[in-house]
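Data first, discussion second: the structure below is written as structure tokens.
The values are calculated or read from the model by the stated rules, or taken from the named source; none is laboratory data. Predicted model, so just to flag it, every value in this text is computed and none were measured. In this analysis, Cβ positions are derived from the backbone assuming ideal geometry, glycine residues included, and neighbour counts consider all displayed protein chains.
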Amino acid sequence: MPKMKTKKSVAKRFRKTAGGKLKFGRPFRGHLLGGKGRKRKRHLRKVGVLHASEQKRLGLTI
């Protein structure tokens, strides 16, 4: 039986933490930043951690 290939779209968006959780970069940070407030842009710099229920919904079992 052949091995399952990694979904490259998901591999580019998520990284695994030491504890087994998935972290991701926040969306809406690429362009059109003039219309976004300073506080909003500052909070978008932070790394997000995917919730366990979302991980299950997306089918990302680790």
>> Checking residue 13 against (1) in contact with a strand residue (DSSP E or B) (Cβ under 6 Å, 6 or more places away or on another chain); (2) on the phi > 0 side of the Ramachandran plot: exactly one of these is not met. Which one?
In response: (2)
> Residue check: is residue 41 at pLDDT 90 or above, surrounded by 10 or more Cβ atoms within 10 Å (Cβ to Cβ) and assigned to a helix (DSSP H, G or I)?
Replying inline: yes
> Looking at region 13-21, is at least one residue surrounded by 11 or more Cβ atoms within 10 Å (Cβ to Cβ), in a helix (DSSP H, G or I) and within 10 Å of the chain's Cα centre (by Cα)?
Replying inline: yes
